[in-house]
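Report on the following structure.
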Amino acid sequence: MERDPAGGSDYGRDDLRDLGDEPPTTLRDTAPDVLAPIDASSPVSGHMPPPEHAGSIADTPEHDWSAASAILFPLLRPTGTQGMAAAGIDAAALAADTVRHHAQPIVDEGPCDLAVVYAMPGTGFDVIINVDHLISWGTTIEAIQDAALGNLAAWSAGAAWTDEVSGERRLISSDTGDGWDAARILLPEVRERLVAELGGTGRVLIGLPERHLLIAGALRPDDDEFAALFAEFVVEHSGGADEPVDRRVLELVDGRLVEFGGLSAPA
């Protein structure tokens, strides 16, 4: 607090305080002109003008099916994920019930009791599809499933794989960072590729520890240790993931994803 140079009390003398980090005070010497035109570009109370939107809000993916169908993707979620089961949704009956909102995500059945949800990617987040979206779009569950898997297949066709070899051991993984890596196992062409690449030397183990990682390895008959190392890797990555999927070791048998039953011959 600055002292009054005249020797008086400094209590309440805010005009004499040197705060150091504020611009110089300016005092109005004339009354404001209340009839002057408002400057549309000037901020009000520190707020900036809202961003301009191109087009109508009705054309956004949340409301327009043609826009949404191009960006829908499936996502794998852990067993027990809560939501409205896709198989039991009656879109016509729900649309007639205009009083209620249906914000629960649509949850589909995935392989090995995993759940599948459908999402539209945003900037730094995903919009998980719920029944309100379904009603707003005026479409069907089957259309959502087909669009999401079609987009996943188109993305997967150009997405990279990582191939690692250590001696006779081999791992193939997908960790592009795009967010759809684990979900690639839903595609028949991906399962066929992994079997073709790895099935010639042994059983094909699959790990889906988190959303951003799919890992596959060949378990040779003379390498029992590999199964334990593979399981440790899956558990470790799932435990440290922001969006974990599954801690189990899975296996491809006759093109189907099943839970790994140990070192005995697969059923």
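Structural remarks
- For the stretch 229-244, the Karplus equation 6.51 cos²θ - 1.76 cosθ + 1.60, evaluated at θ = phi - 60°, returns couplings of 5, 5, 5, 4, 4, 5, 5, 4, 6, 5, x, x, 8, 6, 10, x Hz by residue, with Gly and Pro reported as x.
- Gain upon complete extension [LEU27, ILE71; 0.36 nm per residue less C-alpha separation]: 10.3 nm
- Compactness of the stretch 161-236, expressed as Rg and Dmax over alpha-carbon positions, Å: 11.9, 36
- Descending semi-axes in whole angstrom, ellipsoid equivalent of the stretch 117-191, from the Cα gyration tensor: 31, 14, 9
- Cα-centre dipole for the stretch 225-267 with unit charges at Cβ (Lys and Arg positive, Asp and Glu negative), debye to 20: 140
- Full-stretch length increase - ILE89, ASP39 - with 0.36 nm per residue and alpha-carbon distance subtracted: 12.7 nm
- Rounded percent of accessible protein surface that carbon and sulfur make up, the stretch 108-267, 1.4 Å probe: 50
- Principal axis dimensions, the stretch 117-267 - Cα atoms, whole angstrom, descending: 56, 31, 28
- Computed FRET value (nearest 0.05) for GLU109 with ASP223, which takes r as the C-beta separation and R₀ as 45 Å: 0.85
The values are calculated or read from the model by the stated rules, or taken from the named source; none is laboratory data. Since the model is a prediction, treat every value here as computed from it, not as a measurement. FYI the Cβ positions are ideal-geometry reconstructions off the backbone, even for glycines, and counts take in every protein chain you see. Accessible surface areas use protein heavy atoms only, side chains included; no ligands, DNA or RNA. Shrake-Rupley method; radii C 1.70, N 1.55, O 1.52, S 1.80 Å.
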